[in-house]
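Novice: Mind having a look at this structure? Questions to follow.
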Amino acid sequence: MPYQSPISPGHSWYEASVGDRPSYAPLDGDVRTDVVIIGGGFTGLSAAAHLAKAGTRVVLIDGARFGDGASGRNGGQLGTGQRTPADELEAALGFTRAKALFDLAEEAKAHLLEFASVNGIEIDFMPGQMSVAHKKRYVDDYKAYADVMATRFGYPHVRFMDAHETAERLGSQHYFGGTRDSGTGHIHPLKLVVGSARVAAQAGAKLHENTRATGISSNGGKVVVTTPQGTITADKGFIAVNAYGGTLEPVSAAHVMPIGSFIGATVPLGSDSPVLPGGESVDDSRFVVRYFRKTTDGRLLFGGREIYTVDNPSDISAHIRRQIAEIYPGLKDVEITHSWGGFVGITVPRMPYVREVMPNVIFAGGYSGHGVMLSNFVGKLYAETIAGNRDRLKLLEDLKIPAFPGGRSLRAPLLFLALNWFALRDRF
Ligand SMILES: Cc1cc2nc3c(=O)[nH]c(=O)nc-3n(C[C@H](O)[C@H](O)[C@H](O)COP(=O)(O)OP(=O)(O)OC[C@H]3O[C@@H](n4cnc5c(N)ncnc54)[C@H](O)[C@@H]3O)c2cc1C
């Protein structure tokens, strides 16, 4: 019987293909440390690895297994820039800040690949990313985006594709055009989680799975985290729970909202399959984005379905197969061997939420579906902050991120209505 995460539904293809996944014993007793980290996804593990390498004493706890949140279960697409496109950021924040945020994301991309390579983590990187228009009326936006990237943001790797090239590169007539970004790609995210945990542990970080934080407080210069198995007392705290924090810390919970997103993996399609012959990943222009790519063993890994409640749908495979068939009619009966989901942490402006939520305690999360490269880098920026340089983390701390309207009880129904309205627009 495969291991089933208690916090995210379904058994993922990543779990089936990750290879050795060492476990870490729960916390047992009271401990004292320099930094306590709650959450063992990319954000927390990256922070732990960088802090420990710098000689800081770190204790990291996770309520489940590392990677059982979004980090071990996502689409693996690195993307480019922030979740909000650079030209929109420029309109909102001015060129200087938009360019600084774009450059930060580029550094995040380079950092992820270098971290994996330097530490011998095989992350199955495959190059190339395509963004495609599911309505003809969006095609000009893609053309303009490629221009802006090259001329204003100094990023020459995005190229416009017309309908013909798009069809050839996707192996599908479903889309009307788009862009191809040769400066990014996609990875096996759980391999990065497992490797990051190894690096952190080898550098001296104390890592504990199946240890849920039940509370966090900060008084008189001391941060105290309680768990059912013991208490951690530290000088500083880092909350890296993203969309999985529940009621642990109310300020961040009001700003980061969980949205369920679901993925299916097909059987290997075979080397003669016309699907994505170049191996790029894809995202499309739908508000409920469809994102897909092939794996190193030739499966189509397809994400699309979203839900705006914390219930788990029972029909992930059937739903995903229907979405695949719209794009690849030849795959209408394809076998889906694995289907699973996880919670994406979104914010109102779709930019990360990084804040000192109580004295000496920083929260980082809410990457809004764009966290694979950013979350890893934010962990490094947190370590930089502890070492005395907060300038780069500050770029994110300075972003204005309003709380979701409606308070804790009404925000989910309000968001449900708003998002369903946008999802409806995808069809017209
Ligand atoms: C289905 C899906 C597809 C996605 N696809 C992409 C993509 O293609 N590209 C992209 O850039 N981003 C994508 N994302 C988003 C990306 O995965 C996240 O932004 C990123 O993994 C966030 O990492 P994190 O470490 O901040 O949070 P998480 O990985 O969610 O980790 C949070 C951890 O905190 C732990 N935790 C929570 N509460 C407690 C507590 N009280 N005590 C102890 N531990 C606790 C959880 O167990 C969990 O392990 C996707 C997300 C999902 C769910």
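Novice: Given the structure, is D62 out of contact with any Cys (no Cβ under 6 Å at 6 or more places or on another chain), farther than 17 Å from K380 by Cα, away from the ligand (no atom under 14 Å from the Cβ) and in contact (Cβ under 8 Å) with a residue 12 or more places away in the chain?
Specialist: No: the conditions fail for D62.
Novice: Return a yes/no flag: does region 326-347 have any residue that is polar (S, T, N, Q) and open to solvent by less than 10 Å² (accessible area, probe 1.4 Å).
Specialist: The answer is yes; a qualifying residue exists.
Novice: Filtering region 42-64 down to residues that are surrounded by fewer than 24 Cβ atoms within 10 Å (Cβ to Cβ) and among the charged types (D, E, K, R), which residue is nearest to I187 (Cα to Cα)?
Specialist: Out of the qualifying residues, it is K53.
Novice: Moving to a separate point now. Restricting attention to region 93-127, and to residues there that are open to solvent by less than 20 Å² (accessible area, probe 1.4 Å) and under 20 Å from Y14 (Cα atoms), which single residue is nearest to the chain's Cα centre (by Cα)?
Specialist: Of everything passing the filter in region 93-127, L112 is nearest to the chain's Cα centre (by Cα).
Novice: Take the residues in region 203-224 that are assigned to a loop (DSSP other than H, G, I, E, B) and among the polar types (S, T, N, Q); name whichever of them is surrounded by the most Cβ atoms within 10 Å (Cβ to Cβ).
Specialist: Among residues in region 203-224 that are assigned to a loop (DSSP other than H, G, I, E, B) and among the polar types (S, T, N, Q), the one surrounded by the most Cβ atoms within 10 Å (Cβ to Cβ) is T211.
Novice: Return the residues of region 143-166 that are crowded, with 18+ Cβ neighbours inside 10 Å and without any contact (Cβ under 8 Å) to a residue 40 or more places away in the chain; say none if nothing qualifies.
Specialist: Hits for region 143-166 are A146, F160, M161, T166.
Novice: I want to confirm something. Restricting to region 26-59 and keeping residues that are of a type in the set (A, V, I, L, M, F, W, C) and part of a helix (DSSP H, G or I), which single residue is farthest from the ligand (Cβ to nearest atom)?
Specialist: My answer is A52.
Novice: May I ask you to verify whether S23 is polar (S, T, N, Q) and within 19 Å of G388 (Cα to Cα)?
Specialist: The answer is no for S23.
Novice: Do any residues in region 208-220 that are at pLDDT below 95 have Cβ atoms under 6 Å from those of residues that are open to solvent by 20 Å² or more (accessible area, probe 1.4 Å), where the two are at least six apart or on different chains, and which pairs are they?
Specialist: From region 208-220, no pairs qualify.
Novice: How many of the residues in region 318-371 are within 30 Å of G81 (Cβ to Cβ), more than 14 Å from the ligand (Cβ to nearest atom) and part of a loop (DSSP other than H, G, I, E, B)?
Specialist: Counting residues in region 318-371 that are within 30 Å of G81 (Cβ to Cβ), more than 14 Å from the ligand (Cβ to nearest atom) and part of a loop (DSSP other than H, G, I, E, B) gives 3.
Novice: Does R57 satisfy being of a type in the set (D, E, K, R), touching a residue at least 60 places away in the same chain (Cβ under 8 Å), more than 22 Å from V118 (Cβ to Cβ) and touching a strand residue (DSSP E or B) at 6+ places or on another chain (Cβ under 8 Å)?
Specialist: yes
Novice: Quick test of your reading of the structure: E15 fulfils all but one of (1) part of a helix (DSSP H, G or I); (2) within 14 Å of the ligand (Cβ to nearest atom); (3) within 16 Å of V378 (Cβ to Cβ). Name the failing condition by number.
Specialist: (3)
The values are calculated or read from the model by the stated rules, or taken from the named source; none is laboratory data. The structure presented is a predicted model; accordingly, all values stated were derived computationally and were not measured. Cβ sites come from the backbone with ideal geometry, for glycine too, and all protein chains shown count toward neighbours. Calculation scope for accessible area: heavy atoms of the full protein, side chains included, ligands and nucleic acids excluded. Shrake-Rupley method; radii C 1.70, N 1.55, O 1.52, S 1.80 Å.
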